[in-house]
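The values are calculated or read from the model by the stated rules, or taken from the named source; none is laboratory data. Worth saying up front: this structure is predicted, and the values here are computed from it rather than measured. Don't worry about glycine lacking a Cβ; one is built from the backbone with ideal geometry, like all the others, and counts go over all protein chains shown. These area figures cover heavy atoms from the full protein model, side chains too; ligands, DNA and RNA do not enter into them. Shrake-Rupley method; radii C 1.70, N 1.55, O 1.52, S 1.80 Å.
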Amino acid sequence: MPINFEASINAGLIEEEDINSIMRSGTYALEPLLALLFSEEQEKTSLEEFYAASLDILSDDHAPGVRIFLEQQVSMKALDHARDFNKPMKPEHAAYFVDLLLKNENANAHLIAYALSSIGDYWPDDRITSSATQAADFAEAWLSPMQGLHKITPIDEHEEENAHVVGLGGAQANQMQSLEIAIEQLREM
């Protein structure tokens, strides 16, 4: 799922025309985490290593737009890694990543639901419920035809052409269905 820049654009923190340069700068700053992700031993990479690398990346003084990009990318990559390799998360790590995604109104409901299920007693029930509601609201807004894909990470022309060749329609339908299921799970929390 894409990075959400809409809240930051609305708050005047970044301009829509700066998104591509923000993403390039952010990807460069993300290299230490990507090195962990793409190492030959990625299955053995612990979540503590991901968490430490995340803190290192986010501790630098980044421009607001780059920080917005990095907060979401770091969280999504760490949660994807935990889920893909079925690694248990420490509640404080899960809470950290949820906070970063919610702060940026990110629509990755499936990752937020996954992380919320790892928080347990670390947060009170009402905070988990309100976080789940927020995440479901953000995902529903993303799915809404009024929001549109223009409000999030832009897809350049080359990516769009390639996506049609490999069947983007089916991939989008699967992504939307998965998101709808995650929204239902969040609403039940």
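Hey, what do the phi angles of the stretch 94-101 turn into as Karplus ³J(HN,Hα) couplings, whole Hz, using 6.51/-1.76/1.60 and θ = phi - 60°, x for Gly and Pro?
4, 4, 4, 5, 4, 4, 5, 5
Under the rule of at least 5 residues apart or a separate chain, name every residue whose amide H is placed under 5 Å from the amide H of F5.
T153
Which shape class applies to the stretch 1-157: rounded if a/c is under 1.5, otherwise prolate when a/b exceeds b/c and oblate if not, where a ≥ b ≥ c are the square roots of the Cα gyration tensor eigenvalues?
oblate
Which one, N104, V66, A78, is farthest towards the positive end of the dipole of the stretch 61-106 when Lys and Arg carry +1 and Asp and Glu -1 on their Cβ?
A78
Sorted by mean Cβ packing within 10 Å, highest first, what order do the peptides 54-67, 85-98, 102-115 take?
Highest-to-lowest ranking by the protection proxy: 102-115, 85-98, 54-67.
Measure off, as a whole percent, the carbon and sulfur share of the 1.4 Å-probe accessible area of the stretch 1-45, all protein chains present.
Answer for the stretch 1-45: carbon and sulfur cover 49 percent of the accessible area.
Could you work out the pair-distance distribution P(r) of the stretch 23-92 from its alpha-carbon pairs, with 5 angstrom bin width and percents rounded to whole numbers?
Reading the bins upward from 0: 3, 17, 31, 24, 15, 8, 2.
Once a ≥ b ≥ c are taken as the square roots of the eigenvalues of the Cα gyration tensor of the stretch 76-149, is the result rounded (a/c under 1.5), prolate (a/b larger than b/c) or oblate (a/b not larger than b/c)?
Note, shape of the stretch 76-149 comes out oblate.
Assuming 0.692 mPa s and 37 °C, estimate D for the stretch 26-67 with Stokes-Einstein, Rh taken as the Kirkwood radius over Cα pairs, in µm²/s.
302
If contacts are Cα pairs under 8 angstrom and at least 6 residues apart, what is the relative contact order of the stretch 67-115 in percent?
Across the stretch 67-115, relative contact order equals 49 percent.
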